[in-house]
Amino acid sequence: MLDPWRAVLGKAKDIIKFIYSHETVLKLTRKHTSELDIVSSRRTRSLTPFLMLERIESQKKNLKNMFSSLEWKSSNLASTADGMHVADLVTGESFWTEAQMLLKGSIPLVRALHVISRGDGKPQLGYIYETMKQVKEQLKEEYKDKETKYQPFWTVIDGIWNNQLHKPIHSVAYILNPSLFYCVDFNDDAEIKDGLSHSIERMVEDKRVRYLTLLQLDDYMQSSGKFGDENAVDQRMRNSPEKWWSLYGGECPDLQTFAIRILSQTCTGALRYGLKRSLSEQLHMNGRNCVEQKRLNDLTFVHHNLRLQNAVSISKTDYRDIFLEEIDHPVVEWVGGGDLKESVAE
């Protein structure tokens, strides 16, 4: 459904590869963009193509000026097939129109995913459900309610959300986030309620505690007791969800414990600590003998624990670098994977 947009990303890749494959072109580009680098390796792999495209689009005027300049036209590269192809893309309008249309649909989602996954170390679980809903509404607005334009993006988002991301715990976090639950536009549908009951059933093992948690849930939903106090109401939007529960959930201790447990979680997971997901995935592959399986178990255990131990010992400033560190570099695919070269013709 999004095949046409792949062609746009392909054109953007052609532009970047050409620029970064020739030293003179790169120098000329930096001259016209005030030394701005179009590529950046410190991003999440899946977001790279769209962030690259956004960076190119932001330099539309400068790139057009560069490929229209006398310096470019007098360059031997200007007469090569690749040079003419890229110059036509940049100086024409078709590519920029396509890029702008794609960015309208992709950047709201890209930014939301970046905030959720990065989170600056802050718990984000209580906002995922609402964030995804806001992204869809923003896409609809960007395309001026033209369903043929925004629906392909909605379909992709719904597919990923329903099949991969959405879990009952997201519904629980959505309900237990007071800044969202007490809003007039709270989405109180059956899916949300089912997610709540399912999570309490699975996460609260003691039957008595489970019963008390469900009982206390009514007080929260009705804003009774301490939940309805002036300070509690005033702080719904001011405090983080987990802090709000620690301050005003004391009359419902079982529900308070459950809520803080849910809302204190971040969404960075393995990415936050630089864990190799591939190691864990290999553990579940069939056909491996017991000796090899034990070796892989030990390797995974050591790898994960060393990474976690290192993450605990570093400062907050270094933490951001650990989060952004990537074992593989998606930028290589965009810039050609080799050193800058100087054409013989140049």
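Where a number appears in this text, it was derived from the coordinates with a stated rule and is not lab data. For clarity, every value in this text was computed on a predicted model and none was experimentally measured. With ideal geometry, Cβ positions are generated from the backbone for all residues, glycine too; neighbour counts draw on all protein chains shown.
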*Which order, highest average first, do 173-185, 230-242 follow once you tally other Cβ atoms within 10 Å for each residue and take the mean per peptide?*
173-185, 230-242
*Which residues' amide hydrogens lie under 5 Å from the amide hydrogen of His22, considering only partners 5 or more residues apart or on another chain, with H built in the peptide plane?*
Lys341
_Filter on Lys13/Lys167; Lys27/Lys136; Lys133/Lys243; Lys140/Lys243; Lys27/Lys144 - keep pairs with C-alpha separation over 31 Å_ = Lys13/Lys167; Lys27/Lys136; Lys140/Lys243; Lys27/Lys144
*Gain in span if fully extended, His85 to Leu214, counting 0.36 nm per residue against the direct Cα distance*: 40.0 nm
